[in-house]
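Reading through the structure tokens given below for one structure.
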Amino acid sequence: MEPPDDLETLRSEVARLRSIVGPDEHDYHALRSDRDAAVAAARDAERESGRLRGQIAEMQVQLVRARQDQERYQRLLDRYRGVRELASSAKGRLGRTIGR
Amino acid sequence: MTTLSVVTAVHDPVAEHLAACLASVRRQGDVQHVVVDDASTDPRIVALLDGADAIELHRRGSNGGIVTASNDAVERATGEWLLLLDHDDVLADGAVVSLREHLAAEPDADVVYSDHDLIRADGRLADPVYKPDFSPERLRQTNYITHLVAVRRSMVTALGGFRAGTDGAQDHDLLLRLLEAGARFTHVPRVLAHWRQSPRSVATDVANKPQAFEHGRRVVAEHLARCGIDASVEVGRHPGTYRIRRRADPDARVSVIVPTRGSTGRIWGAERTFVADAIRSLLERSTHRVFEVVIVADPSTPSPVIDRIRRAVDAAGAGLVVVGYDEPYNFSRKVNVGVRASTGEALLVLNDDTELVEPESVTVMLGLLASTGDPAGEVGAVGAKLLYPDGTLQHGGHVYHHELMHAFIGWDGDHPGPQRMLAIERECAGVTAAALMTTRAVFDAVGGFPEDLPLHFNDVDFSLSVRETGRRILWTPHACWYHFEGRSRDRGASMEEWSRVARRFPGGEPVDPYANPNLVPKRSDWLELPGRSGAPPYVIDADGIKRWG
């Protein structure tokens, strides 16, 4: 049984359009694949740099933690030294007073 | 004065550790210390207990396990409150005084928990764990409460004490049953207990008690079943966590509200039309399939963009509503207009500059929202994990700790976070509206988004309004989008916007019940106040070797 005329018409039209596009149709698909691959590669590269940035963000917290603890303990140490000097000075004055 | 009974089950701990435990209770003063020796075989332990002052010692004839021994201790306790203490842990000096002060201020409390730190192998205190106020969803995902816990004795006995067959997870099981019974949990934000890192403890190495995690999984599953929550439970990726997969109604109609002006930009080296790609990624990848897409489009939105969206919507068999918006830009108003034009019971407010990462995102969020009758309380809104294009974290839940912030912004997107808080579903002070799901009932109850906050902080205000209704806001890492933040509009908050939202807080200063006063204000990375980090310069491993860093 012969296919209907409209189907044959459509097939002719597709053949005509393909003859116009020709190898460009293959090029378009290839370009699109290349583009998708490039986007995926860019995403992966950005993800890798993101991992490093994330590590830096975490390390920055560790650094701030270390610095603020150091600052606090340095102040405590300075206060301790100040008390020691005061005590030493007082001891000296007392010694001189008694010595008189 | 409130009477307390410390209950301790003992079975062959390191003798020095037990001695430290007993001494720490003696130093507290007027408390009953009930010690049940669960048939210890070590003669040093037997001798230590025989010679111990100020304990009520009961010896079991045979080893019954932690649950049986603990129940024996509970039976012999006479105090109004029970304080659970493991045989190698240590109470902080003044712990009981702090507890009594707290109980005087919170007479309706039924459970009190505190912060804790660890006792390292060399005896040094380290790694304090500063906890949030009561977070039932977090408690289901991990026993974040651990030590120290005090419970009203009448509630424990009414529940029948610890349950047989839950050894290793018996505390978690008890806490979940207390939650079901309507117990009021309160939190003391101070370190009141030191948790021993002995070579045999779970604190040191999770491989020490693999059965404990399976018991924990079963305990959580049974709890959810009793609560009428249809879900499966798996042991989580991170030790001590559990992954709960709630079953959501696959036929629930989700209205996706997307304010847009059809802008474009370059992401990963390629041009994209943000709104079209956002909707395409959702419709193509989502495991949930019933959507109504509501675009609230500025007049500048090109018609080819709408056509692309229409094609994607038709291909997915979803519904599409396009609402024209011809007024000055106002995100809140656009959302409200979109919701009015929608018909779904579940509303997903979604920024146009997003791309779906996790296919189960919508299913996960729907499951969390279905909380009617949940003893933990109804959920009013759910937020998702958002990533920058480089995979770093853009949104891990809001933190309102003296500032309005995104938790752990800039950290690696896969990082579990301190206390594994980025690996579990948990309560938050708020979530961003870049990807926020709520119900129409909640949306209407709070009056929608605040139109006097056109650009910034509208999601903060919305979150505060939701919480004021007594509902919880949850953040989940299992729903995830990329968010190309700021690429589709200009940024920068005004002083007026800041003042408007700051007025919602007492004294104009943001507060967050899920942060902790021991954390540095205005930081979102859980940094402790100076001198409270307890972070040692080195760690000592199981072989007693110092490792730096």
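Numerical summary
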| read-out | value |
| --- | --- |
| Selection count where residues are at the interface with chain A (Cβ under 9 Å from one of its Cβ atoms) and crowded, with 24+ Cβ neighbours inside 10 Å, scope the range B:398-410 | 1 |
| Qualifying residue in the range B:35-45 (condition: free of Cβ contacts under 8 Å to residues at least 60 places away in the same chain and within 21 Å of B:Ala169 (Cβ to Cβ)) | yes |
| Sole residue being aromatic (Phe, Trp, Tyr), facing chain B (nearest Cβ under 8 Å), over 26 Å from B:Ile267 (Cβ atoms) and more than 29 Å from the chain's Cα centre (by Cα), chosen from A:Tyr73, A:Tyr80 | A:Tyr73 |
| The listed residue being within 21 Å of B:Leu83 (Cβ to Cβ) and modelled with pLDDT of 95 or more, out of B:Arg218, B:Arg177 | B:Arg177 |
| Residue that is least open to solvent (accessible area, probe 1.4 Å), among those in the range A:32-65 that are of a type in the set (A, V, I, L, M), more than 16 Å from B:Tyr388 (Cα to Cα) and facing chain B (nearest Cβ under 8 Å) | A:Val61 |
| Number of the exception - B:Val431 against (1) in contact (Cβ under 8 Å) with a residue 60 or more places away in the chain; (2) surrounded by 24 or more Cβ atoms within 10 Å (Cβ to Cβ); (3) under 21 Å from B:Gly344 (Cβ atoms) | (1) |
| Matching residues in the range B:28-63 - criterion: being modelled with pLDDT under 95 and touching a Lys or Arg at 6+ places or on another chain (Cβ under 6 Å) | B:Ala54 |
| The one condition in (1) among the β-branched types (Val, Ile, Thr); (2) over 30 Å from B:Ala276 (Cα atoms); (3) modelled with pLDDT of 95 or more that B:Val501 fails to fulfil | (3) |
| Residue in the range B:237-261 that is surrounded by the most Cβ atoms within 10 Å (Cβ to Cβ), counting only those that are out of contact with any Gly (no Cβ under 9 Å at 6 or more places or on another chain), at pLDDT below 95 and over 30 Å from B:Arg272 (Cα atoms) | B:His238 |
| Among residues of the range B:262-279, those that are within 14 Å of chain A (Cβ to nearest Cβ) and open to solvent by less than 20 Å² (accessible area, probe 1.4 Å), counted | 5 |
| Answer from B:Pro510, B:Pro418 - the residue that is closer than 28 Å to B:Tyr388 by Cβ, at pLDDT below 95 and within 14 Å of chain A (Cβ to nearest Cβ) | B:Pro418 |
| Filtered residue count, the range B:384-397, keeping only those that are away from chain A (no Cβ under 13 Å) and open to solvent by 10 Å² or more (accessible area, probe 1.4 Å) | 1 |
| The listed residue being assigned to a strand (DSSP E or B) and at pLDDT 95 or above, out of B:Thr432, B:Thr438 | B:Thr438 |
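The values are calculated or read from the model by the stated rules, or taken from the named source; none is laboratory data. Quantities reported herein were computed from a predicted structural model and do not represent experimental measurements. So basically every Cβ, Gly included, is an ideal-geometry build from the backbone, and we count neighbours across all protein chains shown. Side chains included, ligands, DNA and RNA excluded: accessible areas come from the protein's heavy atoms. Shrake-Rupley method; radii C 1.70, N 1.55, O 1.52, S 1.80 Å.
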